[in-house]
Amino acid sequence: MDERQRAQVLGALQGAGGLTEDVAALVGTQTGVPEAEVYGAGSFFHLLDDTAVKLRMCTGLSCAMKGSRELLTAAQAAGLPAAECSCLAACDLAPAALREREVLPEFGSAELDAAGGDWHAVRPEQAAWCGAVDALPGELAMDLAGERDRSGDAFARAAELGAGAVIAEVDAAGLQGRGGAGFPAAFKWKAVRRETAETRYVVLNADEGEPGAFKDREVLLRRPDLVVEGLAIAAAAVGAREVWCYLGAESGGPWRSLPAEIDAAKGAGLYDGIAFHLHAAPGAYICGEETALLEALEGKRGMPRLKPPFPTQVGLWGRPTLIHNVETIACVPAIVRNSGAWFAGLGRTGPGTKLYCLSGHVARPGVYEAPLGVSLDELLEAAGGVVGELKAFSPGGASSGFLPASESGRPLDFKSLAEVGSMLGSAGIVVLNDAVNMAEAALIQLRFFEAESCGQCAPCRIGTRFLREALEEAQRPGDGEARRAALRHVADAAWQMNEGSICGLGQAAPLPLTSALKWFPEDFEA
Amino acid sequence: MIQSRHQLSLNGAAVSFAAGETVLAVAARAGTAIPTLCHDSRLEPAGCCRSCLVEIEGRPRMAPACATPAADGMVVATASERVARHRRTLLSMYLADQPAGPERGGHSCELHAMADEFGAAPDWPKMAPLRAGRADPNPYILFEPDKCILCARCTRYCDEVEGVSAIALAKRGPATTISTADGRGLLDTSCELCGGCIDVCPTGAMTEKMPRTAAAPPERELEPVRTTCNYCGVGCQMDLNVDRAANRVVKVTSPPPGTTTNDGNLCVKGRFAYDFIGHPDRLTTPLVRAQDGSLREASWDEALQRAADGLRGVAERHGRDALGFVSSSRCTGEENYLVQKLARAVFDTNNVHQCSAT
Ligand SMILES: Cc1cc2nc3c(=O)[nH]c(=O)nc-3n(C[C@H](O)[C@H](O)[C@H](O)COP(=O)(O)O)c2cc1C
Ligand code: SF4
């Protein structure tokens, strides 16, 4: 069977309107993939599997705090084909809903009433939208509010410099991956360049789904020029002729802006010899993990691979592959244009500027570009302050757990947050005020991980469910003794998940609960 | 011990290995047992059950021995407190997710055996049941999803060994399960009913249906009797599982992979077509026809005489080539030799054939 044919599986399923009866057999015949595997791949993705569901409510932390669960109950009571879903990357415009493939920001109960039980009538027209962006004073690597630049100057400059010198600039910039791990970008560029295989790929990770994060969305909506040029520079530097963009199927706006930008660049004769492909990601947070993403690109279930080998050696279709987050790539043109040293100098406790997402109990939610290492206090000042009294925050998405208000002066960088057992991750900061019960907040995060576990390995598949059941048990009204007893295996289960899980999802999944227990034990007593 | 230039340290002892071996294979040869659930020598390693994690010096995370190539100078620890805690907590978790009750489906359950050996905290609460079973009218294979630990041995076997891919992992997260396309019954798929999925299943989530329909309870003691399958000439080895008390063959299993030529595999006939052994319709004495066409019991001498007379009669009336001999594909080579000898030497014809020769 041809690898490119298998790669058609998810697209063909989407084209067929999802996994209704006999579609697996049909797509199997078209692609030569056994029908059970087609079914297995399709049923992995909620957008392909539950075809009867037309309306989905985001139950991520920021949306849940804005009453999305109550909206869901109301929608179901009104007879609408509604279900919950995980983060839609619209935490700044919470609560968000999804009508088929269209994200509806700032969704409200009035719209449910107006629909009168017909899902087609739920906000039938959604105009193009984007969120708020702002920046702290100083030079910016991305400047989301800036003008688009279609000159191709940075790419031309890179061509002048040559691949070796470009990689040296990226190295000097100290650019760390913005997708969550903070891994040095230049290390991966060098690794791919070093490989002897003729065919290599560059992959864009644009399936943002970490609750609290929506920065990639704004980059793609506002500055797709940076992304396309950055990808072209990266492809030329590592010797790749094909770029694959894995873009969330429900990202309505970016699905318009990114292809349009690619077409515009091609129309202008830019980036000759580099082919751009777009692949719709049909709804699975885990496919943000780079190897799960590769599996999905190949038309398979999005289950992370064992590492090593790393994608730089064995990536897409077994070839050396450079994978980057949207924001990481968007930093590249400025680095080439202004030098690595310039970029490094922009940051405070780490190199560069960084996009911080603020949502939750904050006056002006949005994406803020700021020197790497700003504190929450500074960001909050720029964002008009906390709504209510600051109690806690999640510095980098669900995977980073919670920190107490007393940490709000800590530099938000990869290293400083690791020191307190947290992480910068995707810098999706969710601000929680003192009306929030941290046990309930932890439960929301646990539900997210349980729903989004790929199910491949036992520590995560069973552990996420185990922790959620334990916490629910502990929250049942009753005597304190029984409630404490419900949590007695949490430490062991969390240890096992962290030590035994294959990928970062299972490893980080216990953190919301263990950090809430650590910093806010009183919230588990009442 | 293989003599080789490659060496690693295993729990403090130097062990040689050949290039390409995994840590699991090296440890097994050195007599250090590492527990596994998703491993099968016939399959690509999956590393998903996590039971074989070991410590490797210089790596912050424990690594799956089944999927980690041995490397020169590697320092491997399989007996550390960390590894022990890992096995205990992992097994505790697996058991919390298993259905309550001792019933183990007439299978030796690898998971429970492992928990007995390495210890699992018995006081972890049982979790709420999740995966409901599906009715499937096929006569042989039963899947009980609540016992399934998603090691994916069955789906990988179906793909990598059988090349059939009738079943695959489906859904995601806690809902992950084993399924055919659209959850159809196995008879409506490419499934060949070889039963390999049963054989590789470590928990008895995939089991034989036939022993269950017999009156005796599924967890009775069974005695394996090694024999050669006589459905065709390949010579697969198989174990008849005999319930001595009832004097019945209750199921057929394959010897472990790597021990016999069939490498743990059987086909639908070898694994499931054994119920003729005790079937009431089975002939136990020769029968001959009376004048009115009805059958009556006879002695071997009488029956053979009747057959010989009939065959000779045809040859006398119509010539020797009016006779033809076809032997069964269930005959051994020796039996086939005898059939052709009967045809050629006794009945003087070359009209002889063996049904599996087509
Ligand atoms: C569970 C999980 C989810 C992830 N989700 C994303 C994501 O949505 N977007 C992303 O860019 N990286 C995500 N990552 C990180 C990627 O695996 C990978 O590190 C990243 O794409 C590499 O690009 P970078 O070096 O530019 O950060 C995720 C990782 C894990 C473990
Ligand atoms: S840790 Fe979770 S998400 Fe990651 S491979 Fe294991 S089951 Fe899948």
Seminar exercise, completed: If you go through A:Ala516, A:Ala470, the only one that is among the small types (Gly, Ala, Ser), surrounded by 24 or more Cβ atoms within 10 Å (Cβ to Cβ) and either farther than 30 Å from A:Glu295 by Cβ or more than 12 Å from chain B (Cβ to nearest Cβ) (or both) is A:Ala516
Problem set entry | Unmet requirement for A:Thr312, which otherwise passes all of (1) open to solvent by 10 Å² or more (accessible area, probe 1.4 Å); (2) more than 14 Å from chain B (Cβ to nearest Cβ); (3) farther than 16 Å from A:Gly177 by Cβ | (3)
Seminar exercise, completed: Flagged in segment A:168-225 as basic (Lys, Arg), open to solvent by 50 Å² or more (accessible area, probe 1.4 Å) and touching a helix residue (DSSP H, G or I) at 6+ places or on another chain (Cβ under 7 Å), in numbering order, are A:Lys190, A:Arg193
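Look at segment A:310-354 and say how many of its residues are hydroxyl-bearing (Ser, Thr, Tyr) and more than 14 Å from ligand 1 (Cβ to nearest atom).
Number satisfying all stated conditions: 3.
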Exercise. Given (1) within 19 Å of A:Ser400 (Cα to Cα); (2) within 9 Å of another protein chain (Cβ to nearest Cβ); (3) over 26 Å from the mean Cα position of the chain (by Cα), where does A:Met497 come up short, assuming only one miss?
Worked result: (3)
For this session: Could you check segment B:278-358 for strands (runs of 3 or more DSSP E) lying wholly inside it with 1 or more residues that are free of Cβ contacts under 8 Å to residues at least 40 places away in the same chain and among the polar types (S, T, N, Q)?
Result: B:325-327, B:352-354
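Please report, ordered by residue number, the strands (runs of 3 or more DSSP E) entirely within segment A:57-160 with at least 3 residues that are under 25 Å from A:Arg178 (Cα atoms) and of a type outside the set (Phe, Trp, Tyr).
The qualifying strands (runs of 3 or more DSSP E) are A:133-135.
One line per residue, one yes/no per condition, for (1) in contact with a strand residue (DSSP E or B) (Cβ under 8 Å, 6 or more places away or on another chain); (2) within 16 Å of ligand 2 (Cβ to nearest atom); (3) outside the structural domain of A:Tyr368 (by TED's automatic domain parsing):
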position: A:Pro404; (1), (2), (3): yes, no, no
position: A:Arg410; (1), (2), (3): yes, no, no
position: A:Ile444; (1), (2), (3): no, no, yes
position: A:Arg447; (1), (2), (3): no, yes, yes
Problem set entry | B:Tyr157 being open to solvent by 50 Å² or more (accessible area, probe 1.4 Å) and touching a residue at least 60 places away in the same chain (Cβ under 8 Å) | no
Problem set entry | From the options B:Ala115, B:Ala63, B:Ala121, residue that is aliphatic (A, V, I, L, M) and buried (at least 22 other Cβ atoms within 10 Å of the Cβ) | B:Ala115
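Conditions (1) modelled with pLDDT of 95 or more; (2) farther than 22 Å from B:Ala175 by Cβ; (3) away from ligand 2 (no atom under 13 Å from the Cβ), marked per residue:
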{"residue": "A:Cys460", "(1), (2), (3)": "yes, no, no"}
{"residue": "A:Glu469", "(1), (2), (3)": "yes, no, yes"}
{"residue": "A:Arg476", "(1), (2), (3)": "no, yes, yes"}
{"residue": "A:Glu481", "(1), (2), (3)": "no, yes, yes"}
{"residue": "A:Arg484", "(1), (2), (3)": "no, yes, yes"}
{"residue": "A:Asp492", "(1), (2), (3)": "yes, yes, yes"}
{"residue": "A:Asn498", "(1), (2), (3)": "yes, yes, no"}
{"residue": "A:Ser501", "(1), (2), (3)": "yes, no, no"}
Exercise. Any residue at all in segment B:113-130 that is within 10 Å of chain A (Cβ to nearest Cβ) and either closer than 20 Å to B:Cys194 by Cα or among the acidic types (Asp, Glu) (or both)?
Worked result: yes
Exercise. When segment A:341-390 is examined, which residues are found to be among the hydrophobic types (A, V, I, L, M, F, W, C) and either surrounded by fewer than 19 Cβ atoms within 10 Å (Cβ to Cβ) or more than 23 Å from the chain's Cα centre (by Cα) (or both)?
Worked result: A:Ala341, A:Trp342, A:Phe343, A:Ala344, A:Leu346, A:Ala363, A:Ala382, A:Val386, A:Val387, A:Leu390
Problem set entry | Single residue of segment A:256-299 satisfying the filter (assigned to a loop (DSSP other than H, G, I, E, B) and aliphatic (A, V, I, L, M)) that is farthest from ligand 1 (Cβ to nearest atom) | A:Ala268
For this session: Could you grab the pairs with beta carbons closer than 9 Å, sequence gap of 6+ or different chains, first residue in segment B:4-29 and in the same structural domain as B:Ile56 (by TED's automatic domain parsing), second one polar (S, T, N, Q) and open to solvent by 70 Å² or more (accessible area, probe 1.4 Å)?
Result: B:Ala14/B:Gln7; B:Val15/B:Gln7; B:Ser16/B:Gln3; B:Ser16/B:Gln7; B:Phe17/B:Gln7; B:Ala25/B:Ser41; B:Ala27/B:Asn11
For this session: Please indicate, with yes or no, whether at least one residue in segment A:274-295 is touching a residue at least 12 places away in the same chain (Cβ under 8 Å), in the same structural domain as A:Gly164 (by TED's automatic domain parsing), within 21 Å of A:Gly455 (Cα to Cα) and β-branched (Val, Ile, Thr).
Result: yes
For this session: For segment A:244-265, state whether one or more residues are more than 16 Å from ligand 2 (Cβ to nearest atom), crowded, with 24+ Cβ neighbours inside 10 Å and within 14 Å of chain B (Cβ to nearest Cβ).
Result: no
Exercise. (1) within 16 Å of ligand 1 (Cβ to nearest atom); (2) open to solvent by 10 Å² or more (accessible area, probe 1.4 Å); (3) in contact with a helix residue (DSSP H, G or I) (Cβ under 9 Å, 6 or more places away or on another chain): which one isn't true of A:Arg410, the others all being true?
Worked result: (1)
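The values are calculated or read from the model by the stated rules, or taken from the named source; none is laboratory data. No experiment lies behind these values; they were computed from the predicted model shown. Counting neighbours? That spans all protein chains shown, and the Cβs are built from the backbone with ideal geometry, glycine included. Areas reflect the complete protein model, heavy atoms only, side chains present, ligands, DNA and RNA absent. Shrake-Rupley method; radii C 1.70, N 1.55, O 1.52, S 1.80 Å.
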